Amino acid sequence: MTLYKKLLLAQAPIALALAIIGIFSVVAISYLGSHSQGIMKDNYRSVLAAQRMKEAIERMDSAALFMVAGQQQKGDEQAAKYRPVFEAELKVQEGNITERGEKEFTVGLRISWTDYQLKFDRLRASSTIEAKNALYFSELEGAFYKVKSVADDILAVNQDAMLHKSDAVRRTAERMNAI
């Protein structure tokens, strides 16, 4: 055996080890990348939906207050703008349930939203400002807070999940780095 072949044979284990480490690194990076994308896909869309629903329900509440103040047309215009926004984001949320407990909150949100709409429509149909005032403060205001509270719960579940998943990916990255 020539010296060249002996040197090549002596370096073969090192080359093999480097190839294995390279493959392991590519797999590890791919794993971490896909997990970080999973966090975004699973939870960020629900976070956005919850935030948008909260904004829409606040605008709906403002519309109701316009009506209570005698500004029916302004209230109708604002409600017509934000009611479909809330409904669209609620449908997004209903199709993006990924966390434990999130389904129950989402079902509760649908129920609360339906109740809010019924009460809102009753307020809208009321003939006098006094009747609108009484209906708002006796029923609609509480329904508003209920919808907003459940949307907050969905937001919190998804934000917490993002935090926990992010920490898990960070710990995995640290382990991979140590290896």
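Only one entry of 79, 64, 134, 143 meets the criterion of being open to solvent by 50 Å² or more (accessible area, probe 1.4 Å), assigned to a helix (DSSP H, G or I), of a type in the set (A, V, I, L, M, F, W, C) and farther than 30 Å from residue 165 by Cα, and that entry is 134. Annotation: residue 124 fulfils all but one of (1) in contact (Cβ under 8 Å) with a residue 24 or more places away in the chain; (2) in contact with a Ser or Thr (Cβ under 9 Å, 6 or more places away or on another chain); the unmet one is (2).
Among all residues of region 12-31, there is none that is at pLDDT 65 or above, loosely packed, with under 10 Cβ neighbours inside 10 Å and outside any helix (DSSP H, G or I).
Apart from one condition, residue 172 fits all of (1) among the polar types (S, T, N, Q); (2) at pLDDT 95 or above; (3) farther than 17 Å from residue 45 by Cβ; (4) in contact with a helix residue (DSSP H, G or I) (Cβ under 7 Å, 6 or more places away or on another chain); the exception is (2). Summed over region 82-124, residues that are closer than 17 Å to residue 144 by Cα and either loosely packed, with under 14 Cβ neighbours inside 10 Å or of a type in the set (D, E, K, R) (or both) total 14.
When residue 128 is tested against (1) among the hydroxyl-bearing types (Ser, Thr, Tyr); (2) more than 19 Å from residue 72 (Cα to Cα); (3) open to solvent by 50 Å² or more (accessible area, probe 1.4 Å), only condition (2) is not met.
The values are calculated or read from the model by the stated rules, or taken from the named source; none is laboratory data. Please read these numbers as outputs of a predicted model, since none were measured by experiment. Ideal geometry is used to build each Cβ from the backbone, glycine not excepted, and the neighbour counts take in all protein chains shown. Remember, those area values only see protein heavy atoms, side chains included, never the ligands or the DNA or RNA. Shrake-Rupley method; radii C 1.70, N 1.55, O 1.52, S 1.80 Å.
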